[in-house]
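A.B. asks: What follows is a structure written as structure tokens; I'll ask about it next.
The values are calculated or read from the model by the stated rules, or taken from the named source; none is laboratory data. Only a predicted model underlies this, so the values are computations on that prediction, with no experimental measurement involved. Cβ sites come from the backbone with ideal geometry, for glycine too, and all protein chains shown count toward neighbours. Side chains are part of the model used for accessible areas, which takes the heavy atoms of the whole protein and leaves out ligands, DNA and RNA. Shrake-Rupley method; radii C 1.70, N 1.55, O 1.52, S 1.80 Å.
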Amino acid sequence: MRIVLVGPPGAGKGTQAAFLAENLSIPHISTGDLFRANISQGTPLGKQAQEYMRAGQLVPDEVTIGMAKDRMSAPDAESGFLLDGFPRNLAQAQALDGALKEEGQQLDAVLDLEVPEDEVVKRIAGRRICRADSSHVFHVEYSAPKQDGVCDVCGGELYQRDDDREETVRKRLAVYHSETEPIIDHYRAQGLVTTISALGEVAEVTARAMRALGRD
Ligand code: ADP
């Protein structure tokens, strides 16, 4: 299956993507994670992305589209993938459509995670992520680790993302509304969009998502 996950920052895309990818046996491709890996390795691509991310802006398409296509053409993504954080504007959506068409492929579904804005800010401000594995995500209130600052799953160090400060979150939300939301209409016109609520327990949302994908 080829799936795109969309939703505002804080909707839980990363958390859900990890479970869904596992359930569906397809790779989870997160452009945010790819950028963060490049930043921590100090690559030229990471250096280009860093300032934009810190400001809550989109990394330019020239950088993002090439990186995403590269990852999608890896052998493990041949029979499907779950895209998380890409495409994030219309130009990226068109680039993805074009790349799939060239390969004679198409998307199966676009899953839109819906969450109220005040909930988004609460979720992100308390979010803590494991340095060793970004799919290990905690929240200081809603899913606190047993020991402060330590990942329950692997013992890695938990940290707050640079762009999870409140001012940056508001900027990211504004960018989501102006740049990313239009791709939902783009895909709706192709009959691909299913919207589900991202409120409730993580497992509940995963079950809802699997139902929406016809895989329950
Ligand atoms: P979230 O979904 O919580 O905002 P991500 O990890 O997906 O977090 O993205 C973090 C940041 O990485 C974005 O605010 C943006 O700066 C950059 N980024 C990620 N994906 C893209 C993309 N497809 N195009 C441009 N910038 C991106």
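A.B. asks: Given Cβ point charges of +1 (Lys, Arg) and -1 (Asp, Glu) and nothing else, what value in debye, to the nearest 20, does the dipole of the stretch 1-130 about its Cα centre take?
C.D. replies: Dipole magnitude for the stretch 1-130 comes out near 500 debye.
A.B. asks: Take GLU157 and THR43, extend 7 Å from each Cα along the Cα→Cβ direction, and tell me the distance between the two endpoints in nm.
C.D. replies: The answer from the label model is 2.3 nm.
A.B. asks: In what order, largest first, do VAL150, VAL140, VAL110 sit by accessible area if the probe radius is 1.4 Å?
C.D. replies: Descending accessible area places them as VAL140, VAL150, VAL110.
A.B. asks: Does a label point 7 Å from the Cα of ASP118, set along Cα-to-beta-carbon, have any residues of the stretch 1-37 with amide nitrogen under 20 Å, and which are they?
C.D. replies: Under cut-off, by backbone N: 8-12.
A.B. asks: What nm value, rounded to one decimal, do you get for the distance between LEU100 and ASP70 when each label is placed 7 Å out toward the C-beta?
C.D. replies: 2.3 nm
A.B. asks: If R₀ is 41 angstrom, what is the calculated FRET efficiency for the pair ARG170 and SER79, using the beta carbon separation as r and rounding to 0.05?
C.D. replies: About 0.55, to the nearest 0.05.
A.B. asks: Follow-up question, since we're still on this one. In sequence order, what are the phi-derived ³J(HN,Hα) couplings for the stretch 134-143 according to the Karplus relation 6.51 cos²θ - 1.76 cosθ + 1.60 with θ = phi - 60°, rounded to whole Hz, with x for glycine and proline?
C.D. replies: 6, 7, 8, 10, 10, 9, 4, 9, 7, 8
A.B. asks: List the cysteines in the chain whose Cβ has no other cysteine Cβ under 4.7 Å from it.
C.D. replies: CYS154
A.B. asks: Please report, largest first and rounded to whole Å, the three semi-axes of the ellipsoid equivalent to the chain, where each semi-axis is the square root of five times an eigenvalue of the C-alpha gyration tensor.
C.D. replies: Equivalent-ellipsoid dimensions as semi-axes: 25, 20, 18 Å.
A.B. asks: Mind giving me the FRET efficiency for GLN57 and ALA207? R0 is 41 Å, r the Cβ-Cβ distance, nearest 0.05 is fine.
C.D. replies: Computed FRET efficiency for GLN57 and ALA207 comes out at 0.75.
A.B. asks: Can you give me the % of accessible surface on the stretch 2-212 that is carbon or sulfur? Probe 1.4 Å, all protein chains present, nothing else counted.
C.D. replies: Heavy-atom surface of the stretch 2-212 belonging to carbon and sulfur, 1.4 Å probe: 48 percent.
A.B. asks: Right, something else. Taking only protein heavy atoms and a 1.4 Å probe, what accessible area per residue, in Å², does the chain have with all protein chains in place?
C.D. replies: Value returned for the chain: 50 Å² of accessible area per residue.
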